[in-house]
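Read the structure below first, then the notes.
The values are calculated or read from the model by the stated rules, or taken from the named source; none is laboratory data. Everything numeric in this text was worked out from a predicted model, so none of it was measured. Methodologically, a virtual Cβ is constructed for each residue, glycine included, from the backbone with ideal geometry; neighbour enumeration extends over all protein chains shown. Accessible surface areas use protein heavy atoms only, side chains included; no ligands, DNA or RNA. Shrake-Rupley method; radii C 1.70, N 1.55, O 1.52, S 1.80 Å.
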Amino acid sequence: MPSDDLQPMILIDTREPAPHPWASYFSVETVTGTLPTGDLSLSGCEEWISIERKTMDDLIGCLCQGRERFTRELQRAQRIPNFSVIVEASYRDVLRGDYRSRMTPVSAWGSIVALQERYRIPFYFADDVPTSARLAESILLRWFREHQKAITAAVKGARAATATRRTVQV
C-alpha cells in the first residue's frame, strides 16, 4: 500500500469472539491483534483511540461481580485520549431491567452514570448489534480522518527509519 494512501484498518482484540459480531457491518478491512485496553481500535493507533464493546448482560455483570476488573479497565482507559464504551442495548433496556441480574434498574442506571462521570468516558447505548457496529466504525473513521495527516507522517517516518536501519546493516 502506498504510504500516501494510508487506509484505516479496524483492529479487533484477539479476546473478542471470532467471527466478531460487528465485523460484517464494517466497510473497511479488519485485522486481529492484542489490545491492552478495549476491544476495537485502528491498527497502529491503539494508544490514541479504543472502543470497549458490551452486551447488556456483560455490562450489568461489570457493574456487579466484575466491577473491580471493569473499574481497573476504565482507569487504564483514561490514558487513551479517545476511549468509549458502546453497549448493544438501549437506555430503555436498563430502565426496564431487561437483563439477567438481580441488580435493580435504579442501581444499574446510577452505576452507569457514576462511571461515566468519574472516569470521563462516554457510554453509548446503540440499541442493537448493527447500530453498535456502525457507531463504532463511525467513531473510528471520523477520528482517522481528523488525524490522517499526522498518522501518515508518523508511518512515513517509521518506514524511513526502518529503511535507513536496513541500509546501515547491509
Considering only region 33-51, state which residues are touching an Asp or Glu at 6+ places or on another chain (Cβ under 8 Å) and open to solvent by 80 Å² or more (accessible area, probe 1.4 Å). THR34, PRO36
Please verify whether ILE51 is over 23 Å from LYS156 (Cα atoms), modelled with pLDDT of 95 or more, part of a helix (DSSP H, G or I) and touching a helix residue (DSSP H, G or I) at 6+ places or on another chain (Cβ under 7 Å), treating the condition exactly as stated. no
Output for region 6-24, where each listed residue is open to solvent by less than 80 Å² (accessible area, probe 1.4 Å) and not in a loop (DSSP other than H, G, I, E, B): ILE10, LEU11, ILE12, ASP13, ALA23
